[in-house]
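Peer 1: What follows is a single structure, and I will ask about it in a moment.
The values are calculated or read from the model by the stated rules, or taken from the named source; none is laboratory data. On a predicted model such as this, the values are computed, not experimentally measured, just so you know. Cβ sites come from the backbone with ideal geometry, for glycine too, and all protein chains shown count toward neighbours. Ligands, DNA and RNA are excluded from the accessible area calculation, which covers all protein heavy atoms including side chains. Shrake-Rupley method; radii C 1.70, N 1.55, O 1.52, S 1.80 Å.
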Amino acid sequence: DDSFKRTDILIRDGSDEPVSQVDRNSEGFVTGLVGDQGTCKTIRGVIGRASAYEWAGIIPGDLHTKGYLCEACFKEQGPGGFHYIANKVMKRPKLISDVFKKKKFETGNQDRIKEAAQDCARSYGIAAVIEFAKSDYYPGPRDRSASLRKSGNHNDVLYDAFIKWIEQSSERNVAFRYYSRMFLYYGPLLELFDISTSHVLGQAREVCYILQLPTYAHLNFKNYFTETFAHVVNFLGKWPLAFRKLLQKNCAVNLSGKKGGAIELDAFVEAEIVQPLKIYVSGKSSSVVMI
């Protein structure tokens, strides 16, 4: 790596035996800066105006990015009934339109919209399974028995038949292709995003960012697309591999030490740094713990 320079030096204990030492050169190294859309936009602007700031590595906050993904789900699937089901059928009156847009980062709202998107995706998936069971693609008793003798379960034959049913239904019916996005894309992607951060799975986190790109481009979310695209370019091609690996293994913070209990980097900053500072400065709490 050009970021490192090997030099031979002499040991200062009187001997002349040369040893190798690795000196750090500032060129090529990155300092990760985590933030929301506004922070990332500001940092990109600074880097664009002065090459001296190229040491800054822009890392989008995963908690905020999940909010962007929920907003994309609302914009695409809302007109097709997603918002009506979440608001009326599932009886969640607090989920008004602005909660998915301007108010998505207010207290408690992000958990509500993410839960609504995941629950609706599961309900769409259950409806698809019921329709599949009534279709001609559902395996008959002979096929199920053959699969049971071969592998001890029905998983393979059911999975293959379900995939064929989805492909054929999507080709024949535009409405089906539209609704299937809930249980084929938004629901699984949100689940994967949650798992990747709670279990600190850096490669799975990178997959989540790559899969979001077409959606933001399609919905004309320019700021979200720019932030996600810049991050994908950075970890795939621009950053040193060592820094990419560093981020993969430290993409979340586990305060409890329990497996699956990690929180996003921007959530850590908000909860453990920003909020305590605001409370302390306001004078509402002067306890020793807060200080």
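Peer 1: With every protein chain left in place, what is the accessible area per residue of segment 54-124 in square angstrom, probe 1.4 Å?
Peer 2: Working: 3190 Å² over 71 residues.
Per-residue accessible area for segment 54-124 comes out at 45 Å².
Peer 1: Tell me the angle of helix 155-172 to the major Cα principal axis of the chain, expressed in degrees between 0 and 90 and rounded to the nearest ten.
Peer 2: 80
Peer 1: If you don't mind, there's one more thing I want to ask. Relative to the present Cα-Cα distance, how much length would full extension add between LEU236 and ASN153 at 0.36 nm per residue of separation?
Peer 2: On the way: separation 83, 0.36 × 83 = 29.88 nm, distance 3.95 nm.
Residue separation times 0.36 nm, minus the Cα-Cα distance, leaves 25.9 nm.
Peer 1: Suppose accessible area is computed on protein heavy atoms with a 1.4 Å probe; arrange VAL157, VAL207 from highest to lowest. Working shown, then result.
Peer 2: Working: VAL157 30, VAL207 65 Å².
Accessible-area ranking of VAL157, VAL207, largest first: VAL207, VAL157.
Peer 1: Less than 30 Å apart at the alpha-carbon level, and either on another chain or at least 8 residues along: which lysines does that give for LYS222?
Peer 2: LYS41, LYS66, LYS75, LYS94, LYS101, LYS102, LYS103, LYS104, LYS114, LYS238, LYS245, LYS249
Peer 1: So how much accessible area does VAL174 have, in Å² to the nearest 10, using a 1.4 Å probe?
Peer 2: 100
Peer 1: When 1/r is averaged over all different Cα pairs and the result inverted, which Kirkwood radius in Å belongs to the chain? Kindly include the intermediate steps, with their values, before the conclusion.
Peer 2: Working: mean 1/r = 0.0440 Å⁻¹.
Hydrodynamic radius (Kirkwood, Cα pairs) of the chain is 22.7 Å.
Peer 1: Which order do the peptides 115-125, 274-284, 78-88 take when ranked by the mean count of other beta-carbon atoms within 10 Å per residue, highest first? Kindly include the intermediate steps, with their values, before the conclusion.
Peer 2: Values: 115-125: 19.7, 274-284: 10.7, 78-88: 16.8.
The densest-packed peptide leads the list: 115-125, 78-88, 274-284.
Peer 1: Given a 1.4 angstrom probe, I'd like the percentage of the accessible area of the chain that is carbon and sulfur, rounded to a whole number. List each step's numbers first, then the result.
Peer 2: Values: 9820 of 17630 Å².
Its accessible area is 56 percent carbon and sulfur atoms.
Peer 1: Assuming R0 = 51 Å, what is the FRET efficiency of TYR280 and SER135, from their Cβ-Cβ distance, to the nearest 0.05?
Peer 2: Values: r = 61 Å, r/R0 = 1.20.
Once the sixth-power term is evaluated, E becomes 0.25.
Peer 1: Something else about it: Could you give the accessible area per residue of segment 164-291, probe 1.4 Å, as a whole number in Å²?
Peer 2: On the way: 7470 Å² over 128 residues.
Ligands and nucleic acids excluded, the figure is 58 Å² per residue.
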